Each structure stands twice: as C-alpha cells, then as structure tokens.
Amino acid sequence: MAKVVVLGAGTGGMPAAYEAKEILGKDHEVLVVNERPDFRFVPSNPWVAVGWREPEAITIPIEKYLSKKNIGFKCARVTEIDAQNSQLKTADDDIVDYDYLIIATGPKLAFANIEGAGPSGFTQSICTLEHAKQCYLDVQALIKNPGPVVVGAFQGASCFGPAYEYAFILDKALRDAKIRHKVPIHFVTSEPYIGHLGLGGVGDSKSLLESDLRSKDIKWVCNAQVDKVDDGLMYVSELNRKGETDFTHELGFHHAMLIPPFAGIDAVANVEGLCNPKGFVITDEFQRSPKYPNIFSGGVCVAIPPVETTPVPTGTPKTGYMIETMMTAIAHNLKAIIIEDKEPTSKGTWHAICLADMGDTGAAFVAMPQIPPRNITWFKKGKWVHLAKIAFEKYFMRKMKTGTSEPVYEKYVLKALGIERLE
C-alpha cells in the first residue's frame with residue numbers, strides 16, 4: 001500500500017485528493033493535511049468583501065466530505081518538510097509519513113515587500129477569507145465616510161483578475177449605496193497596460209477593460225511601483241518602458257485594496273533544492289520535483305517564469321482550470337508509478353477558463369494554453385458572465401461535496417469545445 005499525502009486543501013488540493021483516491025483505488029491511502037478544518041472557495045472573496053456573500057456560503061467542512069470517499073484528513077499546520085526522510089512535521093510536534101507528497105499549499109502573501117502594505121498596515125486584501133471579512137468592515141466605514149479609493153495590484157503580483165473584479169464590484173456597491181459620486185477611484189497596477197493580466201493580454205482584453213474602466217469613471221496608473229503606504233496616503237512611481245521613473249503620484253485614500261506579490265510558504269521554501277529563490281516549487285513537465293522524485297506539486301505554489309519582461313515585475317497567474325489540469329496530470333502520473341510501475345507521462349494542458357464578475361456584468365476569457373503562444377484565445381463580456389460566475393461558485397462547491405473532480409458531463413461538454421485536461 002502506498003501512502004499519498006496532499007498538503008493543502010484549497011481549489012487545487014481538494015480536487016487532487018479526490019482524483020488521486022479515485023484513480024489509485026482502495027488499496028492505497030490518501031491523506032489530506034491542512035491548517036484549517038474548512039475548505040474556502042477563494043474566487044468568491046471579492047463578494048464577501050462588499051457584503052454580497054456570507055462567509056458561510058463559501059465554506060464547507062473538509063473532513064465530512066473527504067471521509068465519504070475514504071480519504072483521511074489531519075487538521076494541522078506543517079512547519080517543516082523533511083524531504084530526505086519523506087516526513088512532514090507539524091506545529092503540534094506530530095510526524096506525518098508519506099510515500100508520495102502532493103504540495104498544493106497556495107502562496108504566502110508577501111505584503112512585507114512593500115512598506116505599509118496589507119491588513120496589518122494600511123491596505124486591504126481579498127486573498128483570504130479573513131482578509132475579505134476585514135475588507136468588508138473597511139468598506140462599511142467607507143460608505144459611512146466617503147472618500148477616495150485605490151484598487152489594484154502591487155509590483156510582483158501575479159493575480160490581476162481579482163483586482164479588476166473588486167474595482168468593478170466596489171463601483172457597483174457604491175452606486176447601490178448612492179455615494180459613488182463622492183468616491184473617486186484609481187486603479188493602480190504593475191501591469192504595463194490595462195488588460196495585460198500577467199499573460200501579455202488575452203484576446204481584446206486591453207481595449208475592453210480600458211473601455212469599462214473609462215465608462216465607470218475609474219482612472220488608472222500602469223507600470224506602477226508602490227514605494228510605500230502611509231495611513232491614507234499611497235506613494236506611487238510610474239515607470240517608463242526603460243524602467244525609469246516617469247511620474248510620481250501621491251494618492252490619498254479612505255479605502256485601498258491591492259493584491260500582493262506571492263511567495264512560497266516557509267515550510268516549502270525551506271526545503272533545500274525544492275524551490276526557486278521566491279519559494280515556488282520547481283517541477284518538470286509532469287509536475288514532479290526533479291530533486292525529489294516522490295514529490296509532486298500543482299497550483300499557485302508552482303514555479304512558472306513570467307510570460308515576458310515588464311518595466312515593473314509581474315508574475316504569471318495560475319487560474320482555476322489550469323490548476324485542475326495540473327492535478328489531473330499528477331493523479332495519472334501517480335497511477336503510472338504506483339500501480340503500473342512506469343515512469344510519468346501525463347502532462348496538464350494548462351488551458352485557462354476564467355470568469356470575472358464586474359458587478360452587473362462580467363468578462364470571460366479562454367486561453368489554450370494559458371501561456372503564449374496559444375492555439376485559441378478569446379475575451380468576451382456580458383451579463384451572462386455575471387450569472388455564470390454565480391452558477392460556477394455553486395457548481396464547484398457541489399463538486400467538492402460530492403467528491404467528483406471532473407463529472408462526466410463536464411468532461412464531455414468541455415471536450416466538445418476542444419478543452420481537455422491532459423495533452
């Protein structure tokens with residue numbers, strides 16, 4: 001019997017556990033280790049941050065649903081990975097042995113890179129459920145005392161979609177409160193242009209997003225490097241194509257929400273030879289660590305180089321469906337190793353399907369593959385995307401409850417559209 005341990009139970013870890021168990025069968029053990037007892041659907045955090053969704057609506061107890069599929073669960077914070085001895089060490093001094101490890105931890109939020117940034121400083125975040133709840137309190141204070149707002153993404157950020165989502169959602173919330181005319185909004189981003197998204201643009205994303213920002217009276221600053229944040233004041237350098245400071249801005253705010261740069265969590269980053277300098281796991285084309293053959297990794301914690309060099313550093317996002325293709329590949333590669341005694345051959349397609357809510361409308365894009373050059377790319381907007389995003393939240397939560405990572409109808413519907421998880 002092989003023991004497969006999945007570290008992390010987010011939008012990558014839970015599907016990884018379900019797929020690994022299904023494909024390996026009852027003769028092998030799958031155990032999930034996560035520092036919290038509940039699964040959180042992170043894509044809905046922007047709604048929580050403006051009070052459109054209750055936190056309880058996007059969380060489910062992990063153990064209850066994993067146990068239905070005979071998957072073990074341990075609620076503990078891992079402080080060290082002893083890769084040489086195939087062990088995890090937890091904060092309560094427990095030891096978890098593994099034969100194979102799937103790292104799906106997600107990122108550490110590197111607010112410390114920017115003076116005054118983050119919920120412990122002067123800006124809000126929607127990257128975790130706790131941050132989104134704190135952000136909601138700050139939004140309520142803004143409604144009571146209207147004033148300028150800054151939304152966007154710090155230098156080094158790699159997750160730009162939620163920043164756009166939050167800007168448009170907040171705009172709608174302020175209009176509903178009938179105070180939008182009292183709240184100037186600036187969108188500050190490290191992207192070289194609006195709609196770059198860390199991907200070099202997708203379809204017509206530049207012109208469509210610029211048009212929407214303009215129609216909502218949201219001004220923007222691109223190639224933006226936030227030098228520091230004080231209470232109610234943000235110091236921003238706008239760089240030119242040579243990386244030189246072209247303009248400086250001092251933006252006052254009553255409320256600010258910027259996506260931080262990501263890094264690898266300490267327990268993962270500290271493993272010698274496992275990660276790059278930022279703490280992201282280095283993997284081969286099969287999602288396997290070149291140094292530790294019994295360690296696989298997928299999701300936000302994986303090292304992917306930037307799509308292109310930009311004046312202000314930007315990272316490459318790892319979107320939901322792209323992450324699911326990684327996890328499917330890992331499950332099939334574990335089957336090859338454990339059951340078939342073969343070398344891994346499965347590769348995720350890294351296709352991207354993204355739905356972004358924009359308050360009362362939305363934007364959707366498909367990029368196949370996500371990293372250019374691409375075979376297919378398109379970017380569309382409309383009311384249907386707003387409704388699709390709501391439906392997807394409920395659909396994904398149901399998948400996590402039923403323990404089916406890729407229902408048959410999903411597989412064949414996407415296949416009919418030319419979208420598959422494995423090459």
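The values are calculated or read from the model by the stated rules, or taken from the named source; none is laboratory data. Remember, it's a predicted structure, so these values are computed and weren't measured experimentally. Heads up, the Cβs are rebuilt from the backbone with ideal geometry, glycines too, and the neighbour counts pull from every protein chain shown. The area values use the complete protein model at the heavy-atom level, side chains included, leaving out ligands, DNA and RNA. Shrake-Rupley method; radii C 1.70, N 1.55, O 1.52, S 1.80 Å.
For the reader, a short list of remarks on this structure follows.
- All distinct Cα pairs of segment 299-358 go into the 1/r average, and the inverse of that average, the Kirkwood radius, is 13.5 Å.
- Scattering profile of the chain at q = 0.08, 0.09, 0.15 Å⁻¹ [log10 I(q)/I(0), Debye over alpha-carbon scatterers]: -0.43, -0.54, -1.48
- Close amide H pairs (under 5 Å, H built 1.01 Å from N) link Lys347 with Glu423, residues at least 5 positions away or on another chain.
- Per residue accessible area of the chain, 1.4 Å probe, in Å²: 42
- Choice from Glu406, Glu19, Glu244 showing the highest fluctuation, given a GNM over the chain with Cα pairs closer than 10 Å: Glu244
- When each of Lys3/Lys89; Lys26/Lys89; Lys172/Lys216 is checked by Cα-Cα distance, pairs over 20 Å: Lys26/Lys89
- Summing +1 for each Lys or Arg and -1 for each Asp or Glu among the other residues whose beta-carbon sits under 13 angstrom from that of Lys3 gives -2.
- Assigned charges on the beta-carbon of Lys, Arg, Asp, Glu; the chain dipole about Cα centre (debye): 1340
- Across the options Ile338, Gly106, Trp384, the greatest Cα extent toward the positive end of the charge dipole of the chain (unit charges at beta carbon of Lys, Arg, Asp, Glu) belongs to Trp384.
- The portion of the accessible surface of the chain made up by carbon and sulfur, rounded to a whole percent, is 50 (1.4 Å probe; DNA, RNA and ligands excluded).
- Charge tally in the Cβ shell below 13 Å around Pro311, where Lys, Arg are +1 and Asp, Glu are -1, Pro311 excluded: -3
- Candidate aspartates and glutamates for bridging to Lys347, where Cα separation is under 20 Å - those fewer than 8 sequence places away on the same chain excluded: Glu19, Glu22, Asp284, Glu285, Glu324, Glu406, Glu410, Glu420, Glu423
- Over 31 Å between alpha carbons, listed pairs Lys228/Lys399; Lys242/Lys318; Lys291/Lys389: Lys228/Lys399; Lys291/Lys389
- Only DSSP H runs of four or more residues enter the estimate; each adds -39500 (n - 2.57), and after division by the residues of the chain the mean residue ellipticity at 222 nm equals -8500 deg cm²/dmol.
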